[in-house]
Amino acid sequence: MTQGYTLYGAEPSYYSGKVRAYLRYKRIPFAEFLNTPDAYRSVILPRVGWPVIPVVITPEDETLQDSTEIIDELETRFPEAPIYPATVKQRLAALLLEVYADEWLKIPAMHYRWNRNYDFAIAEFGKMSAPGADAETQHAAGLKISKPFAGALPFLGVTPKTEAAIEQSYEGLLGELDKHFAVYEFLFGTRPSIGDFGLIGPLYAHQYRDPASGALMKSIAPNVARWVEGMMKPPHPKGGEFLPRDEVPETLIPVLARMMREMVPVLVSTAHHLQKWVDENPEDRRAGAEVPRAIGMHVFSLGDAKENRAIFPFDLWMLQRPLDYIANLEADDRLRAADLLRQAGGETLMEFPSFPRLTRRNFKIALA
Ligand SMILES: N[C@@H](CCC(=O)N[C@@H](CS)C(=O)NCC(=O)O)C(=O)O
C-alpha cells in the first residue's frame, strides 16, 4: 500500500489521460504503474474481474474503476475546487460534453490511431506490454495485444464507408474548439470542468500524442493543442474559476449542436433497443442482471455516410447522468436547461424516450 493513490494506466490510454489530468489538477498524490501483463494478472484481474485501465487503488486499498466513478469518488474526498459547475447551464453542458467525449469521440480517436498512426501505435502497445524488451519482442507483443483494439473499429462503425465522414466531422470539431480555446482557457473559464476532463481522454492520448494526429491538431487547431498542454500540466491546480452568471460561451454551442446531431440519434436508437432487449426476456433480464457490452447492431449516419455499429448500453449509463440532472431540476432551472438545449438543437433530451435504468455492479453494467 502506498501513502497516496495508485493509478494503473498508460500514456496511450484514452481514459487514463482523463484520470491522470484530474489527479494532477486536484494535486492528489498518486503513483502511476503501467498495465503490464503482470499488472493485469496480479492486480487488475483479481480486483476488477476483467482487463481494463484506468484502475485506481485508494490508500485504504479500495479499487475504483471507470474514469467517471473514479472522478466522482475522488470529488467527494477532495471537494476543494469542484470540477462540477454549480449552475444549471454550465453543469448540464459539462455533463453532456463528458458523455460525448467519452463515448462518441472514440470513433475518430480509434480511426486516427489505427488507420493513420498504426506503426506508432504498435510500438507503443509493445512498450506497454513488454517494457525494457528489445524492439523485435516489443513489436511482436504490440501486434498481439493491439488486436482487440484495432479489431474493434467495425463495432464502432469505423469502416472504409465512414472514414471520410469521420475525418470531416473531427476536423469540424477541431475548428469549433479552436475558436473557443482562442478565447477561453477551459470550457467554462479558468477552471477545468468534468467536460474538459472528458475531452482530454481522446484529445490527449490519441489525437495529441499519436504523431500524425498531433501534427494535424497543431496545424489546424493550435489553440486546442495549447488547451491539451494546459490540461496535462495544469496552470492553476485546485484553482481557476467558472465564468460568472452561468455563462455557456457561444463558441460551445456548435460543439453541443454537433453532439445533438451526430450522437443523440444513436442514443435514442440505443434506448429503444435496450428496452426491446429487456422486453424479449423479462424473466432473465431483471434487476441485477448483467447487461452485455453490446446488444446487437444498428445503423447510424455520419454526414453522408451510413454504416452499422454495435449497440452499446454503456452509453446510456453515461447519459443517465445529464438526464437525471435535468429530471431533478426545479421548474425555473428546467427552463434554463431547456433553453440551452434548444440553442443546441437538443430538445430530444428534454423528452428522451424511457429505457431500463442501468447501474454498475462488479465493474460492469447491470439492470438497476
Ligand atoms: N468507460 C471506461 C472505459 C475504460 C476503457 O475502455 N479503457 C480502455 C483503455 S483506454 C481499456 O482498457 N479497454 C479494454 C477493453 O475495453 O476491453 C472508463 O471510463 O474508464
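No value in this document is a laboratory result; all are computed from the given coordinates. What you are looking at is a predicted structure, and each value in this text was computed from that prediction instead of being measured. Glycine also receives a Cβ, built like all others from the backbone with ideal geometry; neighbour counts cover every protein chain displayed.
For region 261-367, a Kirkwood radius taken over Cα pairs fed into Stokes-Einstein (4 °C, viscosity 1.567 mPa s) yields D = 86 µm²/s. In this structure, ARG27 and VAL268 have a Cβ-Cβ separation that, at R0 = 30 Å, corresponds to a calculated FRET efficiency of about 0.15. Rg ratio for region 88-247: its Cα radius of gyration over 2.2 N^0.38 Å, N being its residue count, equals 1.13.
Counting only lysines at least 8 places from LYS147 when in the same chain, those with an alpha carbon closer than 19 Å to its own are LYS106, LYS127. Working note: 222 nm ellipticity from helices only, DSSP H runs with n ≥ 4, each -39,500 (n - 2.57), summed and divided by the residues of the chain, gives -15000 deg cm²/dmol to the nearest 500. Would any residue of region 17-41 have its amide N under 17 Å from a label point 7 Å out along Cα→Cβ of PHE363? List them or say none. Inside the label zone: 17, 19-20, 32-41. Using 0.36 nm per residue and subtracting the Cα-Cα separation, the extra length available between ALA86 and ASP284 on full extension is 67.3 nm. Sorted fewest first by neighbouring Cβ atoms within 10 angstrom, HIS180, HIS206 come out as HIS180, HIS206.
Kindly provide the Kirkwood hydrodynamic radius of the chain in Å, to one decimal, from all pairs of distinct alpha carbon atoms. Before the final figure, lay out each step's value.
Numbers: mean 1/r = 0.0472 Å⁻¹.
Kirkwood radius, the chain: 21.2 Å.
Extension gain for HIS298-GLU136 works out to 54.3 nm (0.36 nm per residue, less the C-alpha to C-alpha distance).
Using the Cβ-Cβ distance between ASP119 and SER219 with R0 = 22 Å, the FRET efficiency computed as 1/(1 + (r/R0)^6) comes to roughly 0.60. Counting every other Cβ atom within 10 Å of each residue's Cβ, LEU45, LEU156 order from fewest to most as LEU45, LEU156. Three principal axis extents describe the C-alpha atoms of region 183-244; from largest down they are 37, 20, 17 Å.
Can you figure out the FRET efficiency of LEU335 with ARG245, using R₀ = 22 Å and their beta-carbon distance, to the nearest 0.05? Approximately 0.85, to the nearest 0.05. Note on ARG41, ARG360: ascending count of other Cβ atoms within 10 Å places them as ARG41, ARG360, the fewest first. For region 223-293, the Kirkwood radius over C-alpha pairs fed into Stokes-Einstein at 37 °C and 0.692 mPa s yields D = 196 µm² per second.
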